[in-house]
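The values are calculated or read from the model by the stated rules, or taken from the named source; none is laboratory data. Bear in mind that the values here come from a model prediction, so they are computed numbers and not experimental data. Using ideal geometry, Cβ is built from the backbone for each residue, glycine included, and neighbour counts are taken over all protein chains shown. Surface accessibility is based on the protein's heavy atoms, side chains included, excluding ligands, DNA and RNA. Shrake-Rupley method; radii C 1.70, N 1.55, O 1.52, S 1.80 Å.
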Amino acid sequence: MPNASAMQEVHVNGSGPATNGVSNGNGYSSSTTNGTNGHHLNGNEAATPMKCTCKNGGSMGNSDSNNNKGHEKCTFHHDLELDHKPSTREDLLPFMSKSYRMLLSSLGEDPERQGLLKTPERAAKAMLFFTKGYDQSLEEALNGAVFDEDHDEMVVVKDIEMFSMCEHHLVPFYGKVSIGYLPCKKILGLSKLARIVEIFSRRLQVQERLTKQIAVAVTQAVQPAGVAVIIEGVHMCMVMRGVQKINSKTVTSTMLGVFRDDPKTREEFLTLCNNK
């Protein structure tokens with residue numbers, strides 16, 4: 001599975017070169033290929049001017065940036081002038097489906113039998129959903145839901161359901177997340193804490209890193225006096241393979257600011273998390 005940066009930049013259509021369609025600000029596009037029909041641009045090679053593909057076409061220099069009439073379906077104009085996002089990782093589906101098909105064959109299965117005909121595509125779509133956090137950012141998740149409020153007492157949201165994928169074995173781990181923070185004149189919409197969990201859990205992860213990423217994201221969002229995060233997770237890589245311990249749970253924590261420095265603040269958070 002490509003890493004996060006690769007997923008955001010490489011788009012594969014299963015046949016020829018594919019670009020991310022993102023301008024570098026000077027009217028040229030950086031492009032990467034699928035490694036079969038083209039080559040990668042590097043810093044010493046000339047980039048290709050971006051072209052308008054609609055009937056009112058032309059290069060960037062000939063386009064009227066203040067007039068979108070006739071360019072409603074033009075990728076060039078929408079990308080540069082309407083701040084339209086380039087296509088997402090869904091462009092990877094054909095390549096991923098082919099990979100799953102090869103995997104089925106490697107297992108000795110017949111990808112052509114009825115029950116498996118659409119399995120490669122289904123599995124590819126499922127994997128994109130399991131890792132949809134790569135397509136999401138903290139700014140998008142917050143959506144401006146940071147509010148000025150004269151509140152300086154602890155805020156705790158606990159037992160947030162979490163599903164993720166172990167990056168070592170590509171099998172799930174799941175559990176619950178509890179988050180606490182001590183505001184400094186700013187509070188965060190409560191649902192946004194759950195959305196932050198979703199962003200970072202829907203990636204290939206290890207629980208230790210996930211715990212810290214959530215805490216750092218809350219810190220970036222509202223600059224509180226401190227943040228505490230606890231995750232209790234069940235890892236299928238320990239349940240359905242390896243040691244096969246079905247009752248084992250993994251608990252990780254990250255304490256930042258006053259939660260790390262002040263034992264009483266940390267104790268209050270842990271008490272609130274343990275109260276049923």
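For this structure, a couple of remarks:
- Cα shape, the range 80-182, gyration tensor, a/c 1.5 rule: oblate
- Sorting ARG209, ARG202 by accessible area puts them as ARG209, ARG202; the probe is 1.4 Å, largest comes first, and only protein heavy atoms count.
- Of the Cα atoms belonging to the range 179-276, the radius of gyration and Dmax stand at 14.8, 48 Å.
- For the range 244-260, backbone phi angles converted through the Karplus equation (6.51, -1.76, 1.60; θ = phi - 60°) give residue-by-residue couplings of 6, 9, 6, 9, 6, 10, 10, 10, 10, 9, 10, 10, 10, x, 5, 5, 7 Hz, Gly and Pro being listed as x.
- The heavy atoms of THR254 offer some 20 square angstrom of accessible surface to a 1.4 angstrom probe.
- Based on protein heavy atoms only, the range 219-276 ends up with 62 Å² per residue of surface accessible to a 1.4 Å probe.
- Residue-count net charge about GLU149 - beta-carbon cut-off 10 Å; Lys, Arg +1, Asp, Glu -1: -1
- Taking amide H as placed 1.01 Å from N in the peptide plane, the amide H of GLN223 sits under 5 Å from none that are at least 5 places away or on another chain.
- Restraint check, LYS132/LYS176; LYS118/LYS212; LYS118/LYS176, Cα-Cα greater than 26 Å: LYS118/LYS212; LYS118/LYS176
- A simple rule links phi to the HN-Hα coupling: the Karplus curve 6.51 cos²θ - 1.76 cosθ + 1.60 with θ = phi - 60°, which for the range 221-226 gives 6, 10, 6, x, 6, x Hz, with x for Gly and Pro.
- Accessible surface of the range 144-204 [probe 1.4 Å, protein heavy atoms]: carbon and sulfur percent: 53
- In the context of the full set of protein chains, the range 80-173 has a per residue accessible area of 65 Å² (1.4 Å probe).
- Charge sum, other residues only, whose C-beta stays under 13 Å from PRO94's C-beta, Lys/Arg counted +1 and Asp/Glu -1: +1
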